[in-house]
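Below is one structure, written out as structure tokens; the observations come after it.
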Amino acid sequence: MVGPLASLKVLDFSTLLPGPFASLLLADMGAEVLRIESPTRMDLLRVLPPHDRGVSASHAYLNRNKRSLAMDLKQPEALDVIKQLLQDYDIVLEQFRPGVMERLGLGYEALKAINPKLIYVSITGYGQTGPYKDRAGHDINYLALAGLSSYTGRADSGPLPLGAQVADVAGGSLHGVIGLLAAVIARQQTGLGQYLDVSMTDCAFSLNAMAGAGYLACGVEPGREDQMLNGGSFYDYYRSRDGRWLSVGSLEPDFMKRLCTALGLEELANLGLSPQPAPQKRLKDALKVEFEKHDFAELCAMFAGLDACVEPVLSLSEAVQHPQMQARELVTEVPRGDGTSQLQMACPLKFSQGLPQPGHIGATLGQHTDQVLDELGYSVERIAELRRAKVVL
């Protein structure tokens, strides 16, 4: 079986999370992805714990189905290899700071001259322009500057460090893939590629969605726990008697009525419909009291058959075993390459014609160097010369 993106061939120069997650999605959907890795400056994701049989689980997941060519891009012979690859690979994904690829002779203008159909995607923290373009940053910084952290968290304790990398994944990775595929469609019409400047901060800023729309159009500045969906209403998490948590999102009247009836608070159901803080606080306080009268298992059983938008906060181990996750086949077995397999999260996209089964976990550094150079016509002797000269690993 081939995936819907089987016609795409991608040179991936990225490391860590944003670029690799983007190319993981492409590879899962059938694209051929070749990672170009430095033999001297390791992708730190390779050593990130925890490890499975000496291999980083994160690296094994984020880089599955991709080949690895280890090559020193600072050497002239490496540029020759890239130029040859561009005859066949017409998408480049990179994640260096602005100007790095240009200094290596691998900028968009230089590579476009070799292949005008080239689609070139640059994922950076702050984009290719602006006073912050050369500034270092991480996910937490992008969320802070984009305004998202200003109304996320608790009023008395401030913003919370999120467990998921929202700016990296929802910003850089997903927006990068959306833009890349849009450029592919445009190329089908024009025959020409183009350059995509993807800023994780820009994309995080767009995730303000409702709060940002309200501020720009109406001047309403959101704060922590003062909006309907950020803790300023009953829409929140509630602790059980034994210290577990449940989520309550019973926004619609029918759901609110079922929630309150289940907890013996029928007379308070109308409070959930009020936009005013006082009724919301009264309802929220009452819900806290009632939830803390019951153990977690009792609450789960209470709401299991009740369509009230109340769900337990599950650990990862519990989420993996949940019937919904299992029915959706969100865990898959990926070959390690030694006859065994590793459990990984599956591609979440469901196509009626299906997707190809994962081929292998993330490759070792330079695992496919000889194979790729052989495909380009390099002799065994020439490959050995490049290895002795430390051009390739």
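Using all Cα-Cα distances in segment 49-99, what percent lands in each 5 angstrom bin from 0 up to the longest? Over segment 49-99, the share of Cα pairs per 5 Å bin runs 4, 14, 15, 23, 17, 14, 10, 3 percent. Each residue, Ala327 and Glu311, gets one label point 7 Å from its Cα in the Cβ direction; the gap between the two is 1.2 nm. Peptides 155-163, 136-144 ranked from most to least packed, by the mean per-residue count of other Cβ atoms within 10 Å: 136-144, 155-163. Using a cut-off of 21 Å between Cα atoms, the listed pairs Lys112/Lys133; Lys133/Lys390; Lys9/Lys133; Lys117/Lys390; Lys83/Lys117; Lys257/Lys281 include Lys112/Lys133; Lys133/Lys390; Lys9/Lys133; Lys117/Lys390 as exceeding that distance. What net charge do the residues around Leu192 carry, taking every other residue with its C-beta under 13 Å from that of Leu192, with Lys and Arg at +1 and Asp and Glu at -1? My count for the surroundings of Leu192 gives +2. Note on the chain: with a GNM built from Cα contacts shorter than 10 Å, the maximum mean-square fluctuation among Gln75, Gln95, Gln189 falls on Gln189.
Computed log10 I(q)/I(0) for segment 108-237 at 0.20 Å⁻¹: -1.13, from the Debye equation with unit scatterers placed on every C-alpha and solvent omitted. Take every Cα pair under 8 Å whose residues are at least 6 apart in sequence, average their separation, divide by the length of segment 245-312, and the relative contact order is 49 percent.
Among Tyr235, Leu69, Met1, whose Cα sits farthest toward the positive end of the charge dipole of the chain (+1 at Cβ of Lys/Arg, -1 at Cβ of Asp/Glu, about the Cα centre)? Of Tyr235, Leu69, Met1, it is Leu69. Relative to the longest principal axis of the Cα atoms of the chain, the long axis of helix 253-262 makes an angle of roughly 60 degrees.
With 10 Å bins beginning at zero, the pair-distance distribution over Cα atoms of segment 245-312 amounts to 21, 60, 18, 1 %. Look at the alpha carbon pairs under 8 Å that are at least 6 residues apart: their mean separation over the length of the chain gives a relative contact order of 19 percent. Rounded to the nearest 20, the Cβ-based charge dipole of segment 236-277 about its Cα centre (Lys and Arg +1, Asp and Glu -1) stands at 200 debye.
For the chain, the longest principal axis of the Cα atoms and the long axis of helix 209-218 meet at an angle of about 70 degrees.
Charged neighbours of Leu349, selected by a Cβ distance under 13 Å, balance to 0 (K, R count +1; D, E count -1).
Using the Cβ of Gly214 as centre and a radius below 14 Å, the other residues enclosed give a net charge of -2, where K and R count +1 and D and E count -1. Once you reduce segment 172-226 and segment 74-106 to the center of their Cα atoms, the two points are 26 Å from each other.
Note that segment 186-195 has calculated 3J(HN,Hα) couplings of 4, 5, 5, 8, 10, x, 10, x, 6, 9 Hz, one per residue in order, obtained from phi through the Karplus relation 6.51 cos²θ - 1.76 cosθ + 1.60 (θ = phi - 60°); glycine and proline are x. The distance separating the Cα centre of segment 110-163 from that of segment 273-338 comes to 31 Å. Placing unit charges on the Cβ atoms only, positive for Lys and Arg and negative for Asp and Glu, gives the chain a dipole magnitude near 560 debye about its Cα centre. When the chain is described by a simple charge dipole with +1 on each Lys and Arg Cβ and -1 on each Asp and Glu Cβ, the residue from His175, Ala308, Gly19 located farthest towards its positive end is Gly19.
Read the figures in this text as sums done on the coordinates, not as results from a lab. Because the structure is a prediction, the values reported are computed rather than measured. Quick reminder, even Gly has a Cβ in these numbers, built from the backbone with ideal geometry, and neighbours come from all protein chains shown.
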